[in-house]
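The values are calculated or read from the model by the stated rules, or taken from the named source; none is laboratory data. Worth saying up front: this structure is predicted, and the values here are computed from it rather than measured. Heads up, the Cβs are rebuilt from the backbone with ideal geometry, glycines too, and the neighbour counts pull from every protein chain shown.
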Amino acid sequence: MPELPEVETVVRDLRPLLAGRTIVGVRQSKHKLRRPWLATWNANATGARVEAVRRRGKWILIDLVSREPEASDPTLRVHLGMSGQFTVVPASEPEANHVHVVFALDDGNELRLRDPRRFGSAEFLPDRVALEAEMNADLGPEPFNLGAEYFRRAVRGTARNLKAVLLDQSIVAGVGNIYADEALFRAKLHPGRAGKRVKTAECDALREAVEAVLTRAIESRGSTIRDYVGGSGLRGGFQNEHAVYGKTGEPCPACGTAITCARYAGRASHYCPLCQPSKSKVVRSKVVKSKT
Ligand SMILES: [Zn+2]
């Protein structure tokens, strides 16, 4: 599933290809995405110009200027779900299977959302101010702006385990299974440790590890596990740098001990039992449910 580095890579790839372009038409397949694109939105989006391309958590936000000057500022909001690909290609390029929404652009290119598993979505949201308020109610801060005090309170104020804390989008936006495991390894913390039992210095190390892992992953254009590609169709490279994620039974890059996999917060969690000791009784914690 694309997480923050993959979504950020798509946004950075799309930005120069979309900035200033006008949408001249929209078409969709008959298959429904998780949040279906409504046919009535075709007319709303057509004629609108792209003002900005940005990311919030795992969401792609394309701010539009409506062709009606008195209309509110709309935004296209896209989620890549499990297998979404959001790319700009020449309109003449044959359409692949599983392309569900296509935005034709005024320069002869098309912005295509392809999603074989259809957990992704594209929505036309007419009121950007309302959208911001709704998203900020669901999402915590971006991981690059986490205050030390904020993060210590969030971690040490819960009996849930560290894996659950990192996956909770209302605490920190954009981290998913891959980068949670990699950050916990970097900070030498067991995924099952209860937040309230973690020391201040360990909280700080985890916050720094989240930032460092995500920064490095963005530099490598994210991780391609199955379908993921950036906005220009290129695959990621960070999968080659994973220390623990997907490495069950392989030697820890730090100490050589076999990497273990166990379920914490309902998700397969990969860790080194020597570098990331449990210290005290671990907690499993429930699956983290999130609208995002
Ligand atoms: Zn190790």
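Values as computed for the structure displayed
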{"quantity": "Meets criteria (more than 19 Å from Lys281 (Cα to Cα) and in a loop (DSSP other than H, G, I, E, B)) for Asp227", "calculated": "yes"}
{"quantity": "Failed item in (1) away from the ligand (no atom under 16 Å from the Cβ); (2) at negative phi, with Gly266 passing the rest", "calculated": "(2)"}
{"quantity": "Contacts under 6 angstrom Cβ, first residue in the stretch 110-133 being under 15 Å from Ile23 (Cβ atoms), partner modelled with pLDDT of 95 or more and aromatic (Phe, Trp, Tyr), 6 or more apart", "calculated": "Leu111/Phe103; Leu113/Phe86; Ala122/Trp37; Phe124/Trp41"}
{"quantity": "So Gly230, is it without any contact (Cβ under 8 Å) to a residue 60 or more places away in the chain and either of a type in the set (Asp, Glu) or out of contact with any Gly (no Cβ under 6 Å at 6 or more places or on another chain) (or both)", "calculated": "no"}
{"quantity": "Given (1) surrounded by 16 or more Cβ atoms within 10 Å (Cβ to Cβ); (2) within 23 Å of Ile218 (Cβ to Cβ), index of the condition His98 fails", "calculated": "(2)"}
{"quantity": "Checklist (1) outside the structural domain of Lys196 (by TED's automatic domain parsing); (2) of a type in the set (Gly, Ala, Ser); (3) surrounded by 17 or more Cβ atoms within 10 Å (Cβ to Cβ); (4) within 16 Å of the ligand (Cβ to nearest atom) applied to Ser278, failing item", "calculated": "(3)"}
{"quantity": "Test: Thr248 is among the hydroxyl-bearing types (Ser, Thr, Tyr), within 16 Å of the ligand (Cβ to nearest atom) and in the same structural domain as Arg152 (by TED's automatic domain parsing)", "calculated": "yes"}
{"quantity": "Close pairs (6 angstrom Cβ cut-off, 6 or more residues apart or separate chains): closer than 21 Å to Ser290 by Cα in the stretch 248-268, more than 8 Å from the ligand (Cβ to nearest atom) and among the polar types (S, T, N, Q) anywhere", "calculated": "Tyr264/Asn161; Ala265/Ser285; Arg267/Asn177"}
{"quantity": "Complete set of residues in the stretch 207-221 that are part of a helix (DSSP H, G or I) and crowded, with 23+ Cβ neighbours inside 10 Å", "calculated": "Val210, Val213, Leu214, Ala217"}
{"quantity": "Matching entry among Arg186, Arg152 (being modelled with pLDDT of 95 or more and within 29 Å of Thr224 (Cβ to Cβ))", "calculated": "Arg186"}
{"quantity": "Only one of Ala148, Ala173 that is surrounded by 15 or more Cβ atoms within 10 Å (Cβ to Cβ), in contact (Cβ under 8 Å) with a residue 24 or more places away in the chain and among the aliphatic types (A, V, I, L, M)", "calculated": "Ala173"}
{"quantity": "Single residue of Asp63, Asp107 found to be outside any loop (DSSP other than H, G, I, E, B) and either farther than 22 Å from Pro5 by Cβ or among the charged types (D, E, K, R) (or both)", "calculated": "Asp63"}
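For every residue, the table says whether it meets (1) assigned to a loop (DSSP other than H, G, I, E, B); (2) within 16 Å of the ligand (Cβ to nearest atom); (3) surrounded by fewer than 20 Cβ atoms within 10 Å (Cβ to Cβ).
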position: Ser223; (1), (2), (3): yes, no, no
position: Leu234; (1), (2), (3): yes, no, yes
position: Val244; (1), (2), (3): yes, yes, no
position: Ala254; (1), (2), (3): yes, yes, yes
position: His270; (1), (2), (3): no, yes, no
position: Lys289; (1), (2), (3): yes, no, yes
